Amino acid sequence: MKTRAVIVEDEPIARAQLGDLVGEIGWIDCVGEAADGLSAVALIDDLKPDLVFLDIEMPELSGLDVLSRIRHDPAIVFTTAYDKFAVAAFELEAIDYLLKPFGRDRLHAALERVKRALGDESDVPVARRAREAMDQMSGTGPLTRIFVRDRGRILPVAATEIERLEADDDYVAVISRGRRFLVYLGMHEFEARLDPERFIRVHRSHIVNMDFVAAMVPFDATRLQIDMRDGTKIIASRTRSRELRGLAI
Amino acid sequence: MRGTTTRLRGWMWYVAVWIPVGLIYSMSQKNRSGLAMLVEPHPLSWGGALVEGFGYVMPVALLGILIWRLTGILAWPPKRVWRFVALHLLAATMFSLLWLASQAGLIALGTGLPTALQIVRTFAGFQFLDGFFVYGLVAAISHVVRIATRLREQEAHVARSDALRMHAELAALRGQLNPHFLFNTLHTLTALVRRDPATAENALERFGDMLRYVLDVKRSAREDVTLADEIQFVRNYLSLEQLRLGDRLRVVEHLDPDVMDCVLPSLTLQPLVENAIKYGIAPRKTGGTITIVATLQDELLALEVRDDGPGARSDIVDSAGGVGLRAVRQRLETRFGGKAHFAVTTAPAQGFIVRLALPASTSLAAVAAFDPAQSTASIHA
């Protein structure tokens, strides 16, 4: 059976293009289109599609508002031109999204992920993740957990289980229980959202969870070396070393 | 305008300047010679010399405050020379008489009035002329100090308005290259490439023109453009937004052909249109109409951008206001002072109207050399 999809997009040309591109894909059947948030809610609850392409910036109701109102629980691929907050939240919850402008290639890449996720019943439902993403966005408290991708599957990772974070080009590698998960987000976003009591940025490229630090020993005259419990050694920067020394009583 | 500290510092300077003058007079009293010896043949003690010296100078210092005030009223350069000269001559006469009277009074404290008048009579003529000389000196210095202060304040004002202009320009440019607009437009173009290559081509040309306009303004720091240029830019912008929004965006223009050659600061009109789309059109499913009006009213170029959208409470607009609107308003203020007008009319469900007016001129140079303090608006049509 084909995957039934609905397209929600307020701009007519973008909507037609997405319809065309999705139409080229054999395993998807596009069953409906909506041009604004309110009719999208009605359409989704009426047609109960497996997959929704949901634009964020729309008249009447935004894509995020649509998400909080629908009762049906489809897989969702968000589309957005420029919404840093939403994108950060999507990354932290491993929610699929497409940044405009996008064409055939990017759409196909996103749909490959969706295909795997739809076939895997053990996945955390996207609607739940997306709602939590919105709560995280509007809340002021630190992150309690994130979702990461692991070979097409979505895994929750509690913040207390994150041992450390390491910058890796445009990604951040999240190290937890000896595994590395890549999240396409800056160190800065993590630093701002993680509990500052526990997570300390010891270097431009390193944030460590103090609960997983075995010892801090002098590396040279000005810098500290941080020994993690798993045996990893991280050299803190000069300024951070000074601050870390200040923490010691 | 000037702070209390500045004023206090001014007074301290004033006192500090008079102390050496008093000391010099005291020394001349101590070592008096010639005419003075005839009046008072006994040499003076230092204390007596100081009393006499400062007794001589103090009235001048006190009257000098009035002279300083007067130079504030009779500003240099004088508008009517005869009035300036006459008033200063009158003031100088009064100053000399008062100075003389003060000396008579001081001497009378020691000798009694009849003797004092006799003594004063011996040097009254000399002192009267001396009074004119001292008055001229104090008045001249006062004028010079005032001119210097004014020049410094003018320089600071120019620097301040330059900074404001840069700030407003940057804000306008940032608003112009609004990432939402950029990425959404690029997405539309991506979508059009296969579906409708001819429209895509046309849209890309317009997009290129828009970028060139913004970058040219930024690169050459060219502030002023003709209304025709700005309108063309706005039309390019609107045509791209129309591609995105489809028939939700409707545009009506009422442009008086006579004002199309008028010049205005670049990026004055576009932020208003962008604001109308962002708040008046895009949030509504059914869209709306933007009306752009350009007319000539009482030697002013009057522009109006109106939408029929949801509007807003005007008190909220006053306190918040979009960055784009604020930048335009600030820029007009620093540029034209009280000669430009900017007004927002809105109410919930009543749409949003921005009206602005600025001195109408068709000459780029005339606007560039526009001095808010002196120029009057003129039409070179």
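Given the criterion outside the structural domain of residue A:85 (by TED's automatic domain parsing) and under 18 Å from residue A:94 (Cβ atoms), identify the matching residue among A:195, A:211, A:170.
Working: A:195 fails: under 18 Å from residue A:94 (Cβ atoms); A:211 fails: under 18 Å from residue A:94 (Cβ atoms).
Only one candidate qualifies: A:170.
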Kindly provide the set of residues from the stretch A:161-194 that are exposed (fewer than 14 other Cβ atoms within 10 Å of the Cβ) and outside any strand (DSSP E or B), ordered by number. A:169, A:170, A:177, A:178, A:184, A:188, A:192
Does residue A:128 satisfy the condition of being at pLDDT below 90, among the charged types (D, E, K, R) and in a strand (DSSP E or B)? no
So which residues in the stretch B:298-339 are at pLDDT 90 or above and farther than 12 Å from residue B:272 by Cβ? B:300, B:301, B:302, B:308
Quick count over the stretch A:204-233, residues being within 16 Å of residue A:247 (Cα to Cα), modelled with pLDDT of 90 or more and of a type outside the set (A, V, I, L, M), is 5
Subset of the stretch B:237-247, residues under 15 Å from residue A:9 (Cα atoms) and buried (at least 18 other Cβ atoms within 10 Å of the Cβ), comes to B:243, B:244, B:245
Can you spot a residue in the stretch A:24-40 that is away from chain B (no Cβ under 14 Å), hydroxyl-bearing (Ser, Thr, Tyr) and either within 29 Å of residue B:200 (Cβ to Cβ) or in contact (Cβ under 8 Å) with a residue 12 or more places away in the chain (or both)? no
Any residue in the stretch A:94-108 that's within 13 Å of another protein chain (Cβ to nearest Cβ): show its pairings with residues that are surrounded by fewer than 20 Cβ atoms within 10 Å (Cβ to Cβ) and of a type in the set (Gly, Ala, Ser) at Cβ separation under 6 Å, as long as the two are six or more apart or on different chains. A:98/A:110
Condition test on residue A:46, is it among the acidic types (Asp, Glu), within 14 Å of chain B (Cβ to nearest Cβ) and farther than 25 Å from residue A:109 by Cβ? no
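Would you say residue B:250 is assigned by TED's automatic domain parsing to the domain that holds residue B:333, surrounded by 20 or more Cβ atoms within 10 Å (Cβ to Cβ) and of a type in the set (D, E, K, R)?
In short, no.
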Name the residues in the stretch A:16-35 that are of a type in the set (D, E, K, R) and surrounded by fewer than 18 Cβ atoms within 10 Å (Cβ to Cβ), would you? A:20, A:24, A:29
Within the stretch A:58-86, take every residue that is within 14 Å of chain B (Cβ to nearest Cβ) and surrounded by fewer than 20 Cβ atoms within 10 Å (Cβ to Cβ) and give me the one that is nearest to residue A:127 (Cα to Cα). A:65
Filter the stretch B:105-122 down to the residues that are out of contact with any helix residue (DSSP H, G or I) (no Cβ under 7 Å at 6 or more places or on another chain) and either loosely packed, with under 12 Cβ neighbours inside 10 Å or under 17 Å from residue B:60 (Cα atoms) (or both) and list them by number. B:105, B:109, B:110, B:112, B:114, B:118, B:121
Tell me whether the stretch A:226-237 contains one or more residues that are buried (at least 16 other Cβ atoms within 10 Å of the Cβ) and among the hydroxyl-bearing types (Ser, Thr, Tyr). yes
Whichever residue in the stretch A:3-21 is farther than 14 Å from residue A:35 by Cβ and in contact (Cβ under 8 Å) with a residue 60 or more places away in the chain and, among such residues, is nearest to the other protein chains (Cβ to nearest Cβ): A:21
Could you look through the stretch A:228-249, keep only residues that are touching a residue at least 40 places away in the same chain (Cβ under 8 Å) and of a type in the set (A, V, I, L, M), and pick out the one that is farthest from residue A:204 (Cα to Cα)? A:228
In a helix (DSSP H, G or I) and under 33 Å from the mean Cα position of the chain (by Cα): which single residue out of B:238, B:215, B:267, B:243 fits that description? B:215
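Mind checking which residues of the stretch B:80-123 are among the charged types (D, E, K, R), under 34 Å from the mean Cα position of the chain (by Cα) and assigned to a helix (DSSP H, G or I)?
Initially, the stretch B:80-123 is screened for residues among the charged types (D, E, K, R), giving B:80, B:83, B:121.
The next check asks that each one be under 34 Å from the mean Cα position of the chain (by Cα); those that pass are B:80, B:83.
Once the filter is applied, which keeps residues that are among the charged types (D, E, K, R), under 34 Å from the mean Cα position of the chain (by Cα) and assigned to a helix (DSSP H, G or I), the stretch B:80-123 yields only B:83.
In the stretch A:34-125, which helices (runs of 4 or more DSSP H) lie fully inside it and hold 2 or more residues that are farther than 19 Å from residue B:179 by Cβ?
Numbers: elements: A:37-47, A:63-69, A:84-92, A:104-119.
Of the helices (runs of 4 or more DSSP H) lying wholly inside the stretch A:34-125, those with at least 2 residues that are farther than 19 Å from residue B:179 by Cβ span A:37-47, A:63-69, A:104-119.
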If the Cβ limit is 8 Å and pairs must be 6+ apart or interchain, which residue in the stretch B:178-197 that is within 8 Å of chain A (Cβ to nearest Cβ) and closer than 18 Å to residue B:274 by Cα pairs with which residue that is among the basic types (Lys, Arg) and in a helix (DSSP H, G or I)? B:184/B:244; B:188/B:244
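Could you say whether any residue in the stretch A:211-223 is acidic (Asp, Glu), surrounded by fewer than 16 Cβ atoms within 10 Å (Cβ to Cβ) and in a strand (DSSP E or B)? Walk me through it before giving the result.
Step one: of the stretch A:211-223, the residues acidic (Asp, Glu) are A:211, A:220.
Subsequent filtering for residues that are surrounded by fewer than 16 Cβ atoms within 10 Å (Cβ to Cβ) retains A:211, A:220.
Adding the requirement that they be in a strand (DSSP E or B) leaves none.
Checked against the condition, which is being acidic (Asp, Glu), surrounded by fewer than 16 Cβ atoms within 10 Å (Cβ to Cβ) and in a strand (DSSP E or B), the stretch A:211-223 yields no hits at all.
The values are calculated or read from the model by the stated rules, or taken from the named source; none is laboratory data. Note that the structure is a prediction, hence the values are computed from the model and not measured. Glycine also receives a Cβ, built like all others from the backbone with ideal geometry; neighbour counts cover every protein chain displayed.
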